[in-house]
Amino acid sequence: MSKNDYRARVTRMLIRKAFTALLGEKPIQSITVKELCLKAGINRGTFYAHYMDIYDLLEKMEDEMTADFKKSLEPLLSTRDKELTPLNITTGVFQCLKDNADICTVTLGPYGDKEFAARLIQIGQEKCVETYTRYFEDATPRQIEYFYAFVSAGCIGVLEKWLAEGMAGSAQEIAALTEDIMMSGIGCLKGQGA
């Protein structure tokens, strides 16, 4: 890696870190390039060498997160293994999100982009539905689709709660809790987990 590549990478990291901090405080519409640069310790010309504006920065961060999300799920979702369970999928999802905690905070936090959450849900839908169909052999395709919609919305809610708590707990712990809720419903609160 050349010295310039390293500098560019460090600069982008500083910009993203400052952006994440600002987006935790206020909505994107209220963030200016000037205050972002001040917080990142760079000049505006440096910012514009990497991004067109604040929205371009957000879009590139979301694109990176989407690529990382797809990459981390690929081994799980490309397998035909009968041992692939909702827990394996959920653990993979939560681990990827924890590995990208700063970007998750930006995109899924209180001032984040709610459309981004919907895009994340769509990424694994086909393979998850395929896995659920194998796992729940007596379910109809319609039931599976509704189950996926319910579970994915619930996972977003769990993720938002996890983010609000500073991602305390491991991805596997949160995935196991999520699976218990998915498989047992309210019974998990009565100690009747799966």
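Each value in this text was obtained by applying a stated rule to the coordinates, not by laboratory testing. As the structure is a computational prediction, the values presented were derived from the model and not from experiment. Please note: Cβ atoms are built from the backbone with ideal geometry, for glycine as well, and neighbour counts cover all protein chains shown.
A Förster radius of 35 Å, combined with the Cβ-Cβ distance separating SER30 from GLU137, puts the computed FRET efficiency at roughly 0.10.
Counting 0.36 nm for each residue step from LYS39 to ALA164 and taking away their Cα separation leaves a gain of 42.7 nm. Structure remark: mean-square fluctuation, Gaussian network model of the chain, C-alpha springs under 10 Å; the largest value among ALA49, ALA149, ALA21 belongs to ALA49. When the chain is treated as a GNM with alpha-carbon contacts under 10 Å, the residue of MET61, MET167, MET13 showing the greatest mean-square fluctuation is MET13.
Here the spin labels are modelled as points 7 Å beyond Cα on the Cα-Cβ line, and at GLU126 and LEU189 they lie 3.8 nm apart.
For the chain, what mean projected area does the convex hull of the alpha carbons give, in nm²?
12.9 nm²
What's the local net charge at VAL158, with K and R +1, D and E -1, over the other residues with C-beta under 12 Å away?
After counting each charged neighbour, the total is -4.
On a 0 to 90° scale, report how tilted helix 3-23 is relative to the longest principal axis of the chain, with both axes built from alpha carbons and the result rounded to the nearest 10. On a 0 to 90 degree scale, this one is about 70. Between the Cα long axis of helix 86-99 and the first principal axis of the chain there is an angle of about 10°, rounded to the nearest 10. In this structure, the pairs whose alpha-carbon distance is over 20 Å, taken from LYS39/LYS161; LYS114/LYS161; LYS3/LYS71; LYS60/LYS161, are LYS39/LYS161; LYS3/LYS71; LYS60/LYS161. When the chain is treated as a Gaussian network with alpha carbon springs shorter than 10 Å, the biggest mean-square fluctuation among GLU62, GLU137, GLU126 belongs to GLU137.
Against the chain, whose longest principal axis is taken from its Cα atoms, helix 114-123 shows a tilt of about 50°.
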